[in-house]
Amino acid sequence: MIKKKKRIIVEVPHRISGFFEIVDQINGVTIKEPERIGSRGAGFNLNAVGKTEINLEDFEEGHEQKCQIYINGELFNERAETTYYIFEYVKKYVKNPFHIKIYHNFDLPVGCGYGASGSGAIGATFGLNYLLNLNLIYKERGRIAHVAEVVNKTGLGTVCGLLRGGLCILKEPGYPCVSKRIEVPNDIKVICGTFGTIQTRSVLVDPTLNLKIKEAGQIALKKLLQSPNIKTFITVSREFVNDTNILDLLNLTKVKDLINDLIKLNIYGASMNQLGQSIYAICKKRDEEKVIEIFNSYKPEIKIFNLKINKNVPKVLIKE
């Protein structure tokens, strides 16, 4: 018999990573603690969001702890590996049986380089903390979300970037986060296009790409720290894509062609989302129409989004 029912909705921005350096070893020795694994790099939060709604029903004795997970209306349960990991992690702190339903709904495509898994991980952790009365401090909630991403190989530094907001540099890997924000002009637009998904796990475990990413990420970070501004960010992000040879290694011909078309324009620049078959162009508002015109030339295969960089961080919309 149901005793009570509660609900929470947590809103977390989408995020694009421009470049990253995988940090999973120290002096050639594999790091064992997942909270110490992560990435250095840079990226930015968007005004598009993911909303995580969680409904809780407490049951009488004799029932088990149960969780159902939906992503954009489709039932995933254990296939939503990062969120399910968080549920399994926190349920051990709760003695009473309960039934949780988690609904992730994202403005932007999942698996296409918009940080949906990190957004969902934060939404799940913050929401479950409230509904299950876990009383976890903010720092611990972030740590659980980061570890869930690392363990399931769905992300390395997205959680840290999402918690910081805006365009920021992740100066050190792992958790707690060490970051630096870069201020951006108010008239900046981000036009994005998506051809399809890339499984983050497949890139992180590929030995050739793994090494190239580590080397190129170090170079990009050094250059950005020397001149931390939006122009340097987009320049080193594109250099990172070229240096890793990721477009050719993954046979992303359309992504490569679109980037080449966009960089001919007089804008800040364009590059590939890390990681997805997606492209983002950063321009001033006065130039957005000519940028969108280039994206439109790749229809109908591409989905286009007109966005902005902002400083939004996770926030609770509803508590019941």
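The values are calculated or read from the model by the stated rules, or taken from the named source; none is laboratory data. Note that the coordinates shown come from a computational prediction; the quantities given were computed from them, not determined experimentally. Glycine also receives a Cβ, built like all others from the backbone with ideal geometry; neighbour counts cover every protein chain displayed.
For segment 175-202, name all the residues that are closer than 15 Å to Ile234 by Cα and among the acidic types (Asp, Glu).
Across segment 175-202, the qualifying residue is only Glu183.
Tally up the residues in segment 248-275 that are surrounded by 18 or more Cβ atoms within 10 Å (Cβ to Cβ) and in contact with a strand residue (DSSP E or B) (Cβ under 7 Å, 6 or more places away or on another chain), please.
Final tally of qualifying residues: 13.
State all residues of segment 66-109 that are without any contact (Cβ under 8 Å) to a residue 12 or more places away in the chain, assigned to a helix (DSSP H, G or I) and acidic (Asp, Glu); if no residue qualifies, say none.
Glu78, Glu88
Results for (1) out of contact with any Asp or Glu (no Cβ under 8 Å at 6 or more places or on another chain); (2) closer than 30 Å to Ile122 by Cα; (3) not aliphatic (A, V, I, L, M), shown as yes or no for each residue.
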site: Asn229; (1), (2), (3): yes, yes, yes
site: Arg238; (1), (2), (3): yes, yes, yes
site: Asn245; (1), (2), (3): yes, no, yes
site: Asp261; (1), (2), (3): yes, no, yes
site: Ile267; (1), (2), (3): no, no, no
site: Ser271; (1), (2), (3): yes, yes, yes
site: Gln277; (1), (2), (3): yes, yes, yes
site: Ile282; (1), (2), (3): yes, yes, no
site: Glu289; (1), (2), (3): yes, no, yes
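Within segment 133-151, does at least one residue satisfy the condition of being in contact with a His (Cβ under 9 Å, 6 or more places away or on another chain) and under 19 Å from Lys66 (Cα atoms)?
no
Out of the residues in segment 154-179 meeting the condition of being polar (S, T, N, Q) and outside any helix (DSSP H, G or I), tell me which one is nearest to Thr83 (Cα to Cα).
Per the stated criteria, the residue is Thr154.
What tally of residues in segment 110-138 results from selecting those that are in contact (Cβ under 8 Å) with a residue 24 or more places away in the chain, within 30 Å of Tyr280 (Cβ to Cβ) and not small (Gly, Ala, Ser)?
6
For segment 217-229, name all the residues that are in contact (Cβ under 8 Å) with a residue 24 or more places away in the chain and more than 19 Å from the chain's Cα centre (by Cα).
Gln218, Ile219, Ala220, Leu224, Leu225, Pro228, Asn229
Can you tell me which residues in segment 2-12 are touching a helix residue (DSSP H, G or I) at 6+ places or on another chain (Cβ under 7 Å) and surrounded by fewer than 22 Cβ atoms within 10 Å (Cβ to Cβ)? Even if it seems obvious, please write down each step before you answer.
Looking only at segment 2-12, we keep the residues that are touching a helix residue (DSSP H, G or I) at 6+ places or on another chain (Cβ under 7 Å), and these are 6, 8, 10, 12.
Result: Lys6, Ile8.
Determine whether segment 131-153 contains at least one residue that is part of a helix (DSSP H, G or I), at pLDDT below 95 and assigned by TED's automatic domain parsing to the domain that holds Gln68.
Yes, there is a match, as at least one residue in segment 131-153 is part of a helix (DSSP H, G or I), at pLDDT below 95 and assigned by TED's automatic domain parsing to the domain that holds Gln68.
Answer yes if at least one residue in segment 55-72 is under 29 Å from Arg238 (Cβ atoms) and either at pLDDT 95 or above or β-branched (Val, Ile, Thr) (or both), and no otherwise. Walk me through how you get there before you give the answer.
Our first condition is that a residue be under 29 Å from Arg238 (Cβ atoms); within segment 55-72, this holds for none.
No, segment 55-72 contains no residue that is under 29 Å from Arg238 (Cβ atoms) and either at pLDDT 95 or above or β-branched (Val, Ile, Thr) (or both).
Of the residues in segment 192-240, how many are part of a helix (DSSP H, G or I), of a type in the set (Val, Ile, Thr), modelled with pLDDT under 95 and surrounded by fewer than 20 Cβ atoms within 10 Å (Cβ to Cβ)?
So the answer is 2.
For segment 13-47: of the residues being among the charged types (D, E, K, R) and outside any helix (DSSP H, G or I), which is surrounded by the fewest Cβ atoms within 10 Å (Cβ to Cβ)?
This residue is Lys32.
Suppose the filter is touching a residue at least 60 places away in the same chain (Cβ under 8 Å) and closer than 30 Å to Asn186 by Cα; does Arg36 pass it?
The answer is no for Arg36.
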